[in-house]
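Undergrad: One structure is given below, represented as structure tokens, and several questions about it will come after.
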Amino acid sequence: MRKKWTYIIAAAMLIGLAGCSGGDADSVSITTPQAAVSAEPTRQADAPASVPAASPSPSEPAASPSPSPTAEEAPKRYRMSEAYRFVPIGDAPKKAVLLTFDDGPKDKEIITSILDTLDQHKAKAIFFVNGYRVDQNPELLKLIFERGGTIGNHSYDHINLKNEDEAVVEDQLSRVQRSVDDLVGSKPKFFRPPFGAGGDTVKKTAKNHGMLYMTWSNGSLDWDSSARDKPEVVIRNVMEQLHPGANILMHELPWTADALDELLTKIEAEGYLFIDPETIAITD
Ligand SMILES: [Zn+2]
């Protein structure tokens, strides 16, 4: 009994290391996502046949205006557990991780570097964007989308939504849905609350907008001062927490972009694949 509780506390502490803040203005946030240790919900029955998750073709550089990365018909190969981890549907490989980059779009050089590295590893990722950044840099949102990145909603202002009224939450989520839809012609299907802080209202509002709500299960701590300008720290933090179905939180930061090639190489060397976000089941 005591051993079990020690394990649960240790697991909670590990996840508690994670937080989600902006790389610049935000203060360091040590928040604990809910349901860090919980039972898996029942498995969905609609297991597809074995179909490759990701299109193997490398993205063309911006030349083609219609790369159609929406892939609405992509077969669903993973579902998310209550601990925000990914569980295979059918015969999808268990050793797979989701890559995510929050708080952009800010900087063309960083985004291009991240996208280039993802292409080199045939990996896809979710870019959780803030609406005010999208309004500042609409061309960067289009760049991410046109190169095959999946756009996620990370609220308009990157504020703590946990104790906000429903109207505020609705405004924060719907403005991003509208902006992204206006720019790329489709709305985000994934939502991650700033600082990992959300309650029932936030979860319900995300669901109303057809989005899958998630925090993360593997925090890179790339936003923490201990990782600033230190790609090797980002790599170490992720590798120490690597687990099947890991939901890896990173940010659009220069040292994370610098870490990415070696990080993905190490993840692959451990036998993991990268989950194509378009193959994640949205309904629960
Ligand atoms: Zn954030």
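Undergrad: Can you tell me which residues in segment 165-200 are out of contact with any Lys or Arg (no Cβ under 7 Å at 6 or more places or on another chain), open to solvent by less than 10 Å² (accessible area, probe 1.4 Å) and not in a helix (DSSP H, G or I)?
TA: Pro188, Phe190, Phe191, Arg192, Pro193
Undergrad: What is the residue count in segment 156-194 for residues that are within 13 Å of the ligand (Cβ to nearest atom) and under 30 Å from Gln120 (Cα atoms)?
TA: Going through segment 156-194 one residue at a time, the tally reaches 5.
The rows are residues; the columns are (1) modelled with pLDDT under 95; (2) open to solvent by less than 10 Å² (accessible area, probe 1.4 Å); (3) outside any loop (DSSP other than H, G, I, E, B).
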{"position": "Ser68", "(1), (2), (3)": "yes, no, no"}
{"position": "Val97", "(1), (2), (3)": "no, yes, yes"}
{"position": "Phe101", "(1), (2), (3)": "no, yes, yes"}
{"position": "Ala123", "(1), (2), (3)": "no, yes, no"}
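Undergrad: Here is a check on your reading of the model: is Asp103 acidic (Asp, Glu) and touching a strand residue (DSSP E or B) at 6+ places or on another chain (Cβ under 9 Å)?
TA: Against the criterion (acidic (Asp, Glu) and touching a strand residue (DSSP E or B) at 6+ places or on another chain (Cβ under 9 Å)), Asp103 qualifies.
Undergrad: Also, I was wondering about something else. For segment 170-199, how many residues are farther than 15 Å from Tyr84 by Cβ and under 13 Å from the mean Cα position of the chain (by Cα)?
TA: 3
Undergrad: Out of curiosity, is Ile159 hydrophobic (A, V, I, L, M, F, W, C), at pLDDT 95 or above and in a loop (DSSP other than H, G, I, E, B)?
TA: So Ile159 passes the test.
Undergrad: Return yes or no: is Thr117 away from the ligand (no atom under 14 Å from the Cβ), part of a helix (DSSP H, G or I) and open to solvent by less than 30 Å² (accessible area, probe 1.4 Å)?
TA: yes
Undergrad: So which residues in segment 128-143 are open to solvent by 10 Å² or more (accessible area, probe 1.4 Å) and either in a loop (DSSP other than H, G, I, E, B) or within 15 Å of the ligand (Cβ to nearest atom) (or both), if there are any at all?
TA: Residues satisfying the conditions are Tyr132, Arg133, Asn137.
Undergrad: Taking segment 274-284, which residues are touching a Leu at 6+ places or on another chain (Cβ under 6 Å) and crowded, with 22+ Cβ neighbours inside 10 Å?
TA: Ile275
Undergrad: Any residue in segment 154-161 that is of a type in the set (A, V, I, L, M, F, W, C) and either touching a Leu at 6+ places or on another chain (Cβ under 7 Å) or open to solvent by 10 Å² or more (accessible area, probe 1.4 Å) (or both)?
TA: Checked against the condition, which is being of a type in the set (A, V, I, L, M, F, W, C) and either touching a Leu at 6+ places or on another chain (Cβ under 7 Å) or open to solvent by 10 Å² or more (accessible area, probe 1.4 Å) (or both), segment 154-161 yields at least one hit.
Undergrad: Output the number of residues of segment 129-157 satisfying the condition of being among the polar types (S, T, N, Q), in contact with a helix residue (DSSP H, G or I) (Cβ under 6 Å, 6 or more places away or on another chain) and at negative phi.
TA: 2
Undergrad: Out of segment 217-245, which residues are open to solvent by less than 10 Å² (accessible area, probe 1.4 Å) and under 15 Å from the mean Cα position of the chain (by Cα)?
TA: Those that are open to solvent by less than 10 Å² (accessible area, probe 1.4 Å) and under 15 Å from the mean Cα position of the chain (by Cα): Ser217, Asn218, Gly219, Ser220, Asp222, Val238, Gly245.
Undergrad: On to the next question. Does any residue of segment 208-216 turn out to be open to solvent by less than 30 Å² (accessible area, probe 1.4 Å) and farther than 21 Å from Ile280 by Cα?
TA: No - not one qualifying residue is present in segment 208-216.
Undergrad: While we're on this one: Mind checking which residues of segment 246-273 are surrounded by 19 or more Cβ atoms within 10 Å (Cβ to Cβ) and under 15 Å from Leu98 (Cα atoms)?
TA: Scanning segment 246-273 gives Ala246, Asn247, Ile248, Leu249, Met250, His251, Leu260, Leu263, Leu264, Ile267, Tyr272.
The values are calculated or read from the model by the stated rules, or taken from the named source; none is laboratory data. In this text the structure is predicted, and so the values were computed from the model without any measurement. Using ideal geometry, Cβ is built from the backbone for each residue, glycine included, and neighbour counts are taken over all protein chains shown. The accessibility values were calculated without ligands, DNA or RNA, using every heavy atom of the protein model including side chains. Shrake-Rupley method; radii C 1.70, N 1.55, O 1.52, S 1.80 Å.
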